[in-house]
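Asks: Questions regarding the structure given below will be posed in turn.
The values are calculated or read from the model by the stated rules, or taken from the named source; none is laboratory data. Everything numeric here is computed off the predicted structure, so don't read it as measured data. Positions of Cβ are backbone-derived with ideal geometry, glycine not excepted, and every protein chain shown enters the neighbour counts. All accessible areas refer to the heavy atoms of the entire protein, side chains included, with ligands and DNA or RNA removed. Shrake-Rupley method; radii C 1.70, N 1.55, O 1.52, S 1.80 Å.
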Amino acid sequence: MSASTQGAGVRPFLIGATWTTGQGTPFESINPANGARNGLIGSASREDVDLAVRTAKAAQARPEWRAMLPHRRAAILHRIADLIEAHAEELAERQMRENGKLRAECVAQAAGGAAAYRYFASICETMPAEVAPSRGDHLSMVLYEPFGVVAAITPWNSPLTLESQKVAAALAAGNAVVLKPSEFTPTIALRVAELALEAGLPPGILNVVTGLGAETGSALVAHPDVRLISFTGGTATGKAIAREAAGRMAAVALELGGKSPHIVFADADLDKALQGVLHGVFSSSGQSCIAGTRLFVERGIHDAFVARLVQAAKALRVGPPDDARSQVAPLSSFVHRDKVEAMVDMAREDGAEVLAGGSRPADPALADGAYYLPTLIGGVTNDARICQQEVFGPVLCVMPFDNEEDLVAQANDSFFGLAAGVWTRDFPKAWRVARAVEAGTVWINTYKTLSVSVPFGGFKESGSGREKGFFGIRTYQEAKTVMVGL
Ligand code: NAD
């Protein structure tokens, strides 16, 4: 491995086999749990991005990776998984320092990242091409080809899993990748890319450029040699990327925001539902695209259920991510905490009632971190701004519903359509609601249960395309028909 343009004390990024601090202005990484500096990170300029894409294009054009036999490609992906597992603690620690997530969750996500590489390794090795029914004297085949250069752009909330599920699938399909991680969580991707080189991935097949969205990200999206942009992040950014990509007909896969309805019928197991609702919105401090942030409770049990919820939310232990007793960690950055705070103030101005939380914790030991209390908001209807806009923090809006029809209308009255949860003992009712709700994932009597083996993505403004599952590899492939005259 070689290095160029090494700025002193600046974390370099990876183009081909070269670590470089680039020509952009380095930026700070800050630990949101205590405000400590993690370090200075190199920033990729437009020229650096151009070099990364050209390097990826050249590497993908060589047969080394593109034409590697599938079982050999799979073996390299398995080796990357082995190395992620071997470095799970270190990677988890890195993520915890950068986005403030609970250590236990970070460790679980490192395992999830490795699992994504194994899953797509197995698909790579076993994926069939198709022979379509012939409508004449010919053989009709459908083959699946890589796009070439894939740009992967990711958010800060779960880089260990989100980056792996994109990169593993794109590599399994035979593409080269230029990954731009969030500026708030820049170094997980850098470390995984280093491990990938160690695992035998040919240089240039995975490149990582760090930097800000408006500079490094937009330069990557605008690059003419990027054929697919796989983006996870906010809906406004996703729309801007889709507009840019449309100009040159580059493909996009967009995993965007959510405002997911979480539904509790009177006949549910209310103890389990209560735990599901709490976990659904307050785990990861609510910084989850699938967080169940609009709670609909059947009117007959609404007041009693909400009273229990208020008590339970107030009892959650807010604390540092490296303390095993903590249940709710800080938000991922100070700027994000301020945004969440402003949105709760907006709800107050709109006449909402704050039933729990609604402020920073009073504990002086947490004063230096980006903490915000688990917050419950009542006295709102579904058309309130706080019920329609994504907060991406520990904020739950609580509303009653009268019957199934009223419920489905309210649940679907949202620009988003990422996920939903239903709690009831009446399975036919759960089934009807699951089919009627416009969401990419619906949970019945569970919430936030995730698996790499099923497709994930959103309806409406929550995105387009799917990741994960067998379907997930198709996102990174172009179908090609080959007809042979007989
Ligand atoms: P964001 O849209 O601000 O940023 C996401 C990424 O895009 C970052 O790497 C950022 O640097 C980059 N970016 C920003 N502007 C860009 C531009 N103009 N061109 C190219 N790249 C640009 O989102 P965020 O704040 O990092 O993440 C939170 C959002 O992500 C929430 O809306 C959340 O719902 C969503 N999210 C969705 C999923 C999903 O799978 N649907 C998963 C996690 C997070």
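Asks: Rounded to the nearest 20 debye, what is the charge dipole size of the chain about its Cα centre when +1 sits on each Lys and Arg Cβ and -1 on each Asp and Glu Cβ?
Replies: Magnitude of the dipole: close to 880 debye.
Asks: Ordering ARG425, ARG79 by how much accessible area each has at a 1.4 Å probe, largest first, what is the list?
Replies: Details: ARG425 165, ARG79 110 Å².
Sorted by accessible area, descending: ARG425, ARG79.
Asks: Return the long-range amide H neighbours of THR441 (sequence gap of 5 or more, or a different chain), with a cut-off of under 5 Å between placed amide H atoms.
Replies: Hits under the 5 Å cutoff: ALA419, ALA420.
Asks: Which residue, chosen from ALA420, ILE229, LEU77, occupies the Cα position most advanced towards the positive end of the dipole of the chain, where the dipole is computed from +1 (Lys, Arg) and -1 (Asp, Glu) charges on Cβ about the Cα centre?
Replies: The residue sitting farthest along the positive end of the dipole is LEU77.
Asks: Continuing with this model, one more query. How much mean residue ellipticity at 222 nm does the chain get from its helices, if each DSSP H run of length 4 or more adds -39500 (n - 2.57) and you divide by all residues, to the nearest 500 deg cm²/dmol?
Replies: One gets -12000 deg cm²/dmol as the mean residue ellipticity at 222 nm.
Asks: Mind listing the long-range amide H neighbours of ILE30? Cut-off is under 5 Å, sequence gap 5 or more, other chains count too, H placed in the peptide plane at 1.01 Å from N.
Replies: ASN38
Asks: Among LEU51, SER164, GLY247, which residue has its Cα positioned farthest towards the positive end of the charge dipole of the chain, with +1 placed on the Cβ of Lys and Arg, -1 on the Cβ of Asp and Glu, and the dipole taken about the Cα centre?
Replies: LEU51
Asks: If I fit a long axis through the Cα atoms of helix 46-61 and take the longest principal axis of the Cα atoms of the chain, what angle between them do I get, 0 to 90°, rounded to 10?
Replies: Taking the Cα atoms of the chain, the angle to 46-61 is about 60 degrees.
Asks: Using the Cα centre of region 279-426 as the reference point, and only Cβ charges (+1 on K/R, -1 on D/E), how large is the resulting charge dipole? Debye, rounded to the nearest 20. All intermediate terms of the calculation are to be shown ahead of the outcome.
Replies: Numbers: 12 positive and 20 negative charges, 104 e Å.
Dipole about the Cα centre, nearest 20: 500 debye.
Asks: Quick check on region 261-450: of the DSSP beta bridges with both residues there, what percent are antiparallel, nearest 5%?
Replies: 15
Asks: Would you mind checking the pairs LYS448/LYS468; LYS101/LYS239; LYS239/LYS339; LYS314/LYS339 and listing those with alpha carbons more than 24 angstrom apart?
Replies: With Cα atoms farther than 24 Å apart: LYS101/LYS239.
Asks: Let me ask something else. Could you run the Debye sum over the Cα atoms of the chain, one equal point scatterer each and no solvent, and tell me log10 of I(q)/I(0) at q = 0.05, 0.06 Å⁻¹, two decimals?
Replies: So the normalised log intensities work out to -0.19, -0.28.
Asks: Moving to a separate point now. Pop out the ³J(HN,Hα) list for region 131-146 in order, Karplus 6.51 cos²θ - 1.76 cosθ + 1.60 with θ = phi - 60°, rounded to Hz; leave Gly and Pro as x.
Replies: Along region 131-146, the couplings run 10, 7, x, 7, 10, x, 8, 8, 9, 10, 10, 10, 10, 10, 10, x Hz.
Asks: Determine the distance separating the Cα centre of region 236-272 from the Cα centre of region 410-486; give it in Å without decimals.
Replies: Going from one Cα centre to the other spans 10 Å.
Asks: A further question on this structure: Choose one of GLY351, GLY378, ALA115: the residue whose Cα lies farthest towards the positive end of the charge dipole of the chain (beta-carbon charges +1 Lys, Arg; -1 Asp, Glu; about the Cα centre).
Replies: Result: ALA115, furthest along the dipole toward the positive end.
Asks: Under 5 Å between amide hydrogens, which residues at least 5 positions from GLY211 or on another chain qualify, with H placed 1.01 Å from N in the peptide plane?
Replies: ALA44
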